[in-house]
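The values are calculated or read from the model by the stated rules, or taken from the named source; none is laboratory data. All values derive from a computational prediction rather than experimental measurement. Neighbour counts run over all protein chains shown; Cβ positions are idealised from the backbone, glycine included.
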Amino acid sequence: MKLRIVTHAERDLRGSLPELWPPFMSEDKVVSAFWPRLYDVFPDFQLWVVDGNRTVGYACTVPVSWDGTPEQRGLDWALSNGQSGPPTTLCAVVAGLIPEYRGKGVSAPLLRCMASLGTAHGLDAMIAPVRPTWKERYPLIPIDRYVLWRREDGFHYDPWIRAHERVGAEVLSPAPKSMTVQGSRERWEEWTSLQFPEDGEYVVPRALVPVRVEGGIGTYVEPNVWMRHRL
């Protein structure tokens, strides 16, 4: 395994990765509006992980104007209000690896490379609305409690939060409304291959909290966890 990390400005590798996220994740209105422009507006801030001629992962960051207050809207804030002023801080918005490259020590150099983009562009820190990997196992546990879970060695219980901590990041606070996805009952049934025969809350595979169906409309409000890397 001889991995290289390149910027999108160096190589355009869009379309070379399989889909890594559940279908409903791309239906957030802010994300779907901003994402098509991400690689064109900020090509130097997007990374591809390459093994030989194979694309095995990616990471996306955006410069934001941040006053030091963790915003409840997390990712949605970073892609909307976070773009409303002169950039001060780098925001890591997503990172992903294909399954066979997970748990093999790729995360740490990828996170360091992401942070180095902030240093190279004169930004003061890297923040991230981290999507906790194992929260999907505990969809009924409030994010305010989950964020407190620690192992005996002091590191966080969640492996993705822990990966950030191992390269020096600190937990700031939950972002309880990081993403919001709404759709008709029929759309949710299409996205999840489940049925929602009546109003109520439903545990959905790979969702971090239940989906609430009311009046034929399903709403999913995803919590993330704000973390900060000092540069």
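Here are the numbers for the structure shown:
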read-out	value
Residues (closer than 12 Å to Val209 by Cβ and either of a type in the set (Val, Ile, Thr) or modelled with pLDDT under 95 (or both)) located in segment 132-187	Ile141, Ile143, Thr180, Val181
Of all residues in segment 64-91 being touching a residue at least 40 places away in the same chain (Cβ under 8 Å), in a loop (DSSP other than H, G, I, E, B) and closer than 17 Å to Phe42 by Cα, the one that is nearest to the chain's Cα centre (by Cα)	Leu79
Residue list for segment 203-219, filter: in a strand (DSSP E or B) and farther than 19 Å from Trp21 by Cα	Arg212, Val213, Glu214, Ile217
Out of Glu186, Glu152, Glu136, sole residue that is surrounded by fewer than 19 Cβ atoms within 10 Å (Cβ to Cβ) and either outside any helix (DSSP H, G or I) or among the β-branched types (Val, Ile, Thr) (or both)	Glu152
Residue within segment 96-106 that is at pLDDT 95 or above, under 19 Å from Ala175 (Cβ atoms), in contact with a Gly (Cβ under 7 Å, 6 or more places away or on another chain) and in a helix (DSSP H, G or I) present	no
Any hit, segment 125-132, residues being in a loop (DSSP other than H, G, I, E, B) and out of contact with any His (no Cβ under 6 Å at 6 or more places or on another chain)	yes
Residue in segment 110-129 that is surrounded by 14 or more Cβ atoms within 10 Å (Cβ to Cβ), in contact with a Lys or Arg (Cβ under 6 Å, 6 or more places away or on another chain) and modelled with pLDDT of 95 or more present	yes
Looking only at segment 36-56, and only at residues there that are β-branched (Val, Ile, Thr) and touching a helix residue (DSSP H, G or I) at 6+ places or on another chain (Cβ under 7 Å), the one that is nearest to Leu111 (Cα to Cα)	Val49
Pick from segment 189-231, criterion touching a residue at least 24 places away in the same chain (Cβ under 8 Å) and of a type in the set (Ser, Thr, Tyr), ranking: surrounded by the fewest Cβ atoms within 10 Å (Cβ to Cβ)	Thr219
Residues located in segment 20-39, provided they are in contact with a Ser or Thr (Cβ under 9 Å, 6 or more places away or on another chain) and farther than 24 Å from Ser84 by Cα	Pro22, Pro23, Phe24
Enumeration of residues in segment 25-48 that are of a type in the set (A, V, I, L, M, F, W, C), in a helix (DSSP H, G or I) and closer than 20 Å to Arg112 by Cβ	Phe45
Selection status of Glu198, in a helix (DSSP H, G or I), farther than 25 Å from Glu71 by Cβ, modelled with pLDDT of 95 or more and out of contact with any Ser or Thr (no Cβ under 8 Å at 6 or more places or on another chain)	no
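Rundown of residues vs (1) within 23 Å of Gly122 (Cβ to Cβ); (2) modelled with pLDDT under 95; (3) crowded, with 19+ Cβ neighbours inside 10 Å, yes/no style:
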{"position": "Val41", "(1), (2), (3)": "yes, no, no"}
{"position": "Gly57", "(1), (2), (3)": "no, no, yes"}
{"position": "Thr61", "(1), (2), (3)": "yes, no, yes"}
{"position": "Trp66", "(1), (2), (3)": "yes, no, yes"}
